[in-house]
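Peer 1: Got a structure for you, written out below as structure tokens; questions coming shortly.
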Amino acid sequence: FCRADTVGVFQIESRAQMSMLPRLRPRTYYDLVIEVAIVRPGPIQGDMVHPYLRRRSGKEAVTFPSEALRGVLGKTLGVPLFQEQAMKVAMVAAGFTAEEADQLRRAMAAWRKTDRISQFYDKIIEGMIRNGYDRDFAERTFNQIKGFGEYGFPESHAASFAHLVYVSGWLKCHHPAVFCAALLNSQPMGFYAPAQIVRDATDHGVEVRHPDVNASNWDCTLEYAQTSGPPAVRLGLRMIKGMQRDWADHIVDARAKRFASVDELHQRTGLTRATLKTLAEADAFASMGLSRREALWRVLAVDDTPAPLFDIHPDDNGLVLPVMPRGQEVLTDYATVGLSLKAHPIALVREVLDRQQILPAGSVKQLRSGSRVSVCGLVLIRQRPGTASGVVFITLEDETGIVNLIVRPHLFDRYRQAARHAAVMQCDGWVERQGDVIHVSARRMVDRSDLIRGMHFHSRDFH
């Protein structure tokens, strides 16, 4: 968690959470409760995040205006982060009754309808002054409470999520293959596409194997070696674009004996030539010793009429099919499965990028803050949080890792075509470091999708 190694971990996999984790550095379960709650519009709009971080890091003293408020805000270092705390502050410091505090809770729950909370302004300010608190503190407290009108968590809600965060994180840390397979079987979900989930798993030492008619079920599964060792992940037939569940069930049901040829699979399953073509294009016949092109060649000989009494094999006449170039293999993998275990698309053009002095993502970590840099990668995510004043966060990926961009509103508008639509993007900018958190602040963006012609890749956009 402290390294923000949280791809796929429920509630803490977003860019904002990954930026917060190395700063908050959770050490206990309750730290996770705070982590889940603090990266929300309410605490951000109420200016609670930075005061809490300063106090946690020792840069600011933890103080309380009264002993009564110490009892309310002690667990969060004097900064209200939860709806229940806002209600208790109103009761303890401003003299709210339980009924009035419940009305305040209802106003906070009416997210983005800040006028609901504004009606409590006079009562909160006057009540706190009457009870001996100065106006500056009263105004700051009201603004914090008002922030919850932009969506904040109850403590109980954050505590439940934090439990799921811990369980998910424990699985990812100790059983990465299990975690990867479970995520893939639950798609679509979360911030990351299957290609990034698989990439993250391989970075953590997990062997991932391609879908295959002789090994894959519908879902992704675990494969164990006869000797002890961690399991590998076998991608399921569900990963193949255009594949249907009942087709996969036919294959699995007929697989008591290993399929030796395309024609044998056809005869024992009754699958159509079109279905076999889908499998061949996805390179799912490799266990038969067939390349993608060889499998397609044999599929052409399949007869969709009722199964013959004898095996049919194409008449090769000594034909030797040309080997498919590596780049075409990778792009075809992406077109049929959504990812490639052979290579990353950007690795195919690394020599071009090297000549243009465009650095791999992995090298950015070695640069000092303020260094000028050019990077290029697949666009994974575009995100424009409502609390970021129009700033757009973009994540690029190459064969060495990911790099996170900060794009200010005027630059997003200036380079709108690339910023909004590029599948492959080059970004020129400078490095910004805050402890272990590293970004590239964009100054220019270029659509470089032409580097990988024929690739159809879609980012996940939240803006």
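The values are calculated or read from the model by the stated rules, or taken from the named source; none is laboratory data. Every value quoted in this text rests on a predicted model; they were computed, and no experiment measured them. Glycine also receives a Cβ, built like all others from the backbone with ideal geometry; neighbour counts cover every protein chain displayed. All accessible areas refer to the heavy atoms of the entire protein, side chains included, with ligands and DNA or RNA removed. Shrake-Rupley method; radii C 1.70, N 1.55, O 1.52, S 1.80 Å.
Peer 1: Given a Förster distance of 22 Å, report the FRET efficiency between Lys241 and Glu399 from their Cβ-Cβ distance, rounded to the nearest 0.05.
Peer 2: 0.45
Peer 1: Okay, moving on. Which lysines have a Cα lying under 22 Å from the Cα of Lys59, excluding residues fewer than 8 positions away in the same chain?
Peer 2: By straight Cα distance, Lys59 reaches Lys75.
Peer 1: Given Cβ point charges of +1 (Lys, Arg) and -1 (Asp, Glu) and nothing else, what value in debye, to the nearest 20, does the dipole of the chain about its Cα centre take?
Peer 2: Roughly 1460 debye for the chain.
Peer 1: Let me know the whole percent of all Cα-Cα pairs from the range 1-125 that are separated by more than 26 Å.
Peer 2: In whole percent, the share of Cα-Cα pairs in the range 1-125 beyond 26 Å is 28.
Peer 1: Divide by every residue of the chain the summed helix terms, -39500 (n - 2.57) for each DSSP H run of at least 4, and state the resulting mean residue ellipticity at 222 nm, rounded to the nearest 500 deg cm²/dmol.
Peer 2: Counting only the DSSP helices, I get -12000 deg cm²/dmol.
Peer 1: Any chance you could tell me what percent of the C-alpha pair distances in the range 167-311 go past 19 Å?
Peer 2: Of all Cα-Cα pairs in the range 167-311, 54 percent lie more than 19 Å apart.
Peer 1: Ranked highest first by the average count of other Cβ atoms within 10 Å around their residues, in what order do 376-383, 259-266 fall?
Peer 2: 376-383, 259-266
Peer 1: How do Leu183, Leu300 stack up against each other in accessible area, from largest to smallest, with a 1.4 angstrom probe?
Peer 2: Leu300, Leu183
Peer 1: Lys365: which aspartates and glutamates have alpha carbons under 20 Å from its alpha carbon, excluding same-chain residues fewer than 8 sequence positions away?
Peer 2: Qualifying aspartates and glutamates at Cα under 20 Å: Asp5, Glu13, Asp200, Asp203, Asp354, Glu397, Asp398, Glu399, Asp428, Glu432, Asp436.
Peer 1: State, to one decimal in nm, how far the label point of Ala301 lies from the label point of Arg453, with both points 7 Å from Cα in the Cβ direction.
Peer 2: Going from the Ala301 label point to the Arg453 one covers 3.5 nm.
Peer 1: Moving on. How much length, in nm to one decimal, is gained on full extension between Asp122 and Asp436, taken as 0.36 nm per residue of separation minus their Cα-Cα distance?
Peer 2: Here the answer is 108.7 nm.
Peer 1: Taking H placed 1.01 Å from N in the peptide plane, check which residues at least 5 places from Arg444 or on another chain put their amide H under 5 Å from its amide H.
Peer 2: The list, which skips near neighbours in sequence, is Asp428.
Peer 1: Could you put His204, His421 in order of accessible surface area, largest first, with the 1.4 Å probe and the full protein assembly present?
Peer 2: His421, His204
Peer 1: Next up: In nm, give the distance between the simple-model label positions of Arg273 and Thr202, each being 7 Å from the Cα along the Cα-to-Cβ direction.
Peer 2: The modelled label-to-label distance comes out at 3.4 nm.
Peer 1: Sticking with this structure for a sec: Once R0 is set to 30 Å, what does the formula 1/(1 + (r/R0)^6) return for the Cβ-Cβ distance between Val167 and Ser57, expressed as a FRET efficiency to the nearest 0.05?
Peer 2: Calculated transfer efficiency: 0.60.
Peer 1: Compare the peptides 280-289, 171-180, 353-362, 221-230 by average per-residue count of other Cβ atoms within 10 angstrom and give them in order, highest first.
Peer 2: Result, highest mean first: 280-289, 171-180, 353-362, 221-230.
Peer 1: Report P(r) for the chain: all Cα-Cα distances, bin width 20 Å, range 0 to the bin holding the largest distance, values in whole percent.
Peer 2: Pairs per bin, as whole percents: 21, 43, 27, 9, 1.
Peer 1: Using alpha carbons only, how many angstrom separate the centre of the range 261-292 from the centre of the range 335-409?
Peer 2: Rounded to whole Å, the Cα centres lie 37 Å apart.
Peer 1: Let me ask something additional. What nm distance separates the two modelled labels at His421 and Glu67, each placed 7 Å from Cα along Cα→Cβ?
Peer 2: 6.7 nm
Peer 1: Could you state how much accessible area Tyr334 has, in square angstrom rounded to the nearest 10, with a 1.4 Å probe and all protein chains kept in place?
Peer 2: Rounded to the nearest 10, the figure is 10 Å².
Peer 1: Evaluate E = 1/(1 + (r/R0)^6) for Arg293 and Glu99, where r is the Cβ-Cβ distance and R0 equals 56 Å; express this FRET efficiency to the nearest 0.05.
Peer 2: Given R0 = 56 Å and the Cβ-Cβ separation, E is 0.15.
Peer 1: Given +1 on the Cβ of Lys and Arg, -1 on the Cβ of Asp and Glu, and no further charges, what dipole in debye does the range 74-192 carry about its Cα centre, rounded to the nearest 20?
Peer 2: So the magnitude is around 260 debye.
Peer 1: Roughly how many whole Å is it from the C-alpha centroid of the range 40-88 to that of the range 181-251?
Peer 2: 44 Å
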